[in-house]
Amino acid sequence: MQKREELRVWSLVLVFCSLGKSFFNAYANSDMEFLLNMKFGMTFLSLLVLGSFAWAYRKLDASVQEKGLVEKLQVASVLALWLSVSWDIANAFAGFELRNTRNLLMSFWWIILAVGTMVLGRSAVERGLKRLSLFLFVFSIAKVFLYDVWALDLVYRIVAFVVLGWCYRDWE
């Protein structure tokens, strides 16, 4: 595959097809464990293969067009990981009584992924990963203060916005 560009392209197409199949695969009724189910396992395996392609393209003697693919593959794999774990959180904690738990876990997941993406982007000096981490930070903070806060009692909402204002004041 090192000297055959068409084989690399078709193998990437197959990886993206398997990733799409795993995304649109339904959850089995007997397989509802959080992150320990067949759907997430298939998605995670596809993401590992996609990440290995990004690593291999970096080491490969490829064309300039294919060298630019490394950053795009890394961003695509992080976005697919973000979507798959978020989807699994939403499925595992479905229901009105688990709404606050689902929102809290989703926000923590997004912030943890943003921090990991930022560390990976800074260590690998990848602009795409740095931008993606900024997007994830902004999106998770906006979700917390525009959506999650309204599920809290009035006292907790007031405390949350006072803390946000206090942090903003210290940031300037």
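Rounded to the nearest 0.05, the FRET efficiency derived from the C-beta distance between residue 59 and residue 38 at R0 = 25 Å is 0.20. Figure legend: label point modelled 7 angstrom from the Cα of residue 79 along Cα→Cβ; residues of region 4-46 with amide N under 20 Å from it are 9-25, 43-46.
Calculate the length of the line joining the C-alpha centroid of region 113-172 to that of region 1-79, in whole Å. Using only Cα atoms, the two centres lie 28 Å from each other.
Put a dot 7 Å past the Cα of residue 166, heading toward its Cβ, do the same for residue 99, and the two dots end up 2.8 nm apart. Each other residue within a Cβ distance under 15 Å of residue 55 adds +1 if Lys or Arg and -1 if Asp or Glu, for a net charge of +1.
Mind putting a number on the dipole of the chain about its Cα centre? Charges go on the C-beta only, +1 for Lys and Arg and -1 for Asp and Glu, and I need it in Debye to the nearest 20.
480
For region 105-163, the solvent-accessible area with a 1.4 angstrom probe is 64 square angstrom per residue.
Nonpolar atom fraction for the chain, defined as the carbon and sulfur part of the 1.4 Å probe accessible area, stands at 71 percent.
Label positions at residue 18 and residue 142, each projected 7 Å from the Cα along the C-beta direction, are separated by 3.4 nm.
The values are calculated or read from the model by the stated rules, or taken from the named source; none is laboratory data. None of the values given here were measured: they were computed from a predicted structure. Note: ideal-geometry Cβ built from the backbone for every residue, glycine included; neighbour counts use all protein chains shown. Accessible surface areas use protein heavy atoms only, side chains included; no ligands, DNA or RNA. Shrake-Rupley method; radii C 1.70, N 1.55, O 1.52, S 1.80 Å.
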